[in-house]
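First the structure, in the form of structure tokens, and then the observations on it.
The values are calculated or read from the model by the stated rules, or taken from the named source; none is laboratory data. The structure displayed is predicted, hence computed values, not measured ones. Quick reminder, even Gly has a Cβ in these numbers, built from the backbone with ideal geometry, and neighbours come from all protein chains shown.
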Amino acid sequence: MFLYWQQFFYTYLNWFGASEVLGAEQAMNVHTMSHVIGAEYIPQPEAAEEGSTVVFDSYPPKGWLGYCNAPDCAGQTPYGIVTGWEYSVTYYYFVYYATSDAYADGSTGSAYEDLSAEVKAWLESFFVWLVPVEPPPPSTDGVAGILSGIGAASAPLTVTLLWNAPVDLDLYLYCPDGSEVGYNSGVGVLNPACDAKLDHDMVADGYNVARGDGSLGQVENISVGLEADEETGQARTAPADGTTFVGDVHYYGGSGPADFQVVFSGTDAEGTLHVFGQEFVEGFSNGYHEFSVTYTA
């Protein structure tokens with residue numbers, strides 16, 4: 001009896017837009033709620049004006065979208081969206097139900113970041129507040145303060161990891177010969193293959209700690225081609241112009257996701273510090289995130 005009514009909702013009431021997306025035959029015989037493996041509750045925008053609405057002109061390419069009027073649809077059964085209707089983004093709460101084919105690699109994970117690019121593009125075209133707003137990199141003075149605060153010397157190339165969350169992230173960089181610079185190779189241990197070292201390591205309980213620029217959070221930093229040996233005062237050679245370094249950020253452990261910035265800076269031939277870019281990642285929660293940076297003299 002339940003399956004009969006479920007099929008009725010799919011076909012005649014267009015529950016979750018299934019008839020348009022899947023076709024009547026598929027909606028009847030292939031996809032049911034048993035195929036849903038993830039539920040993503042869409043947060044309301046933080047700064048939406050009263051009366052702001054969203055109008056859907058299509059249904060999700062995979063899975064279904066529902067709405068209700070309680071946070072996380074607590075105690076409610078969501079209704080399926082209808083195209084052409086105006087929905088208040090301050091009154092309604094939306095939930096995206098993902099089927100296995102909604103994920104990038106067909107995995108059974110249920111994290112938002114694992115959704116396919118097609119699905120995320122559809123969601124973010126309507127829920128525009130889901131698109132991450134990249135914070136600007138620290139100013140030159142800000143980077144100088146951060147480096148000073150952790151006792152890192154100036155260098156032709158510095159790679160600085162910034163985050164503020166109760167998680168432990170680790171910064172790694174690889175010399176052109178493939179050798180590693182990071183926590184495993186030791187804090188403060190120079191890798192002579194590219195004159196690089198990890199200057200500072202922080203763990204999960206270091207969040208909300210003041211940095212040298214006045215901001216809050218954790219810092220890890222790798223210096224490449226240090227300008228002078230702290231012990232002998234002998235100058236070291238900067239990387240060759242055009243050298244590309246590959247690195248990664250490792251989610252070592254902690255509680256929940258974290259946004260982070262990998263900031264690229266360095267000193268020129270006169271010793272003046274410059275900030276020349278960053279990579280921003282939102283909601284990082286597992287595994288490794290790879291990045292690369294090319295040194296320019």
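The set of residues in the range 61-89 being hydroxyl-bearing (Ser, Thr, Tyr) and modelled with pLDDT of 90 or more consists of Tyr67, Tyr87, Ser88. Among the residues of this structure, Phe264 does not count as one that is farther than 17 Å from Val143 by Cβ, crowded, with 19+ Cβ neighbours inside 10 Å, assigned by TED's automatic domain parsing to the domain that holds Trp163 and not aliphatic (A, V, I, L, M). Scanning the range 238-285 for residues that are in contact with an Asp or Glu (Cβ under 9 Å, 6 or more places away or on another chain) and polar (S, T, N, Q) turns up Gln261, Thr267, Gln278, Ser285. Scanning the range 56-88 for residues that are assigned to a strand (DSSP E or B) and exposed (fewer than 12 other Cβ atoms within 10 Å of the Cβ) yields one hit, Glu86. Of the residues Ser154, Ser148, the single one that is crowded, with 16+ Cβ neighbours inside 10 Å, outside any strand (DSSP E or B) and of a type in the set (S, T, N, Q) is Ser154. Filtered by the rule that a residue be surrounded by fewer than 16 Cβ atoms within 10 Å (Cβ to Cβ), touching a strand residue (DSSP E or B) at 6+ places or on another chain (Cβ under 9 Å) and not in a loop (DSSP other than H, G, I, E, B), the range 101-127 gives a lone residue, Glu113.
Looking at the range 160-230, the strands (runs of 3 or more DSSP E) lying wholly inside it that each contain 2 or more residues that are acidic (Asp, Glu) sit at 167-174.
For Val189, the stated conditions do not hold, so it cannot be described as under 25 Å from Ala258 (Cα atoms) and among the β-branched types (Val, Ile, Thr).
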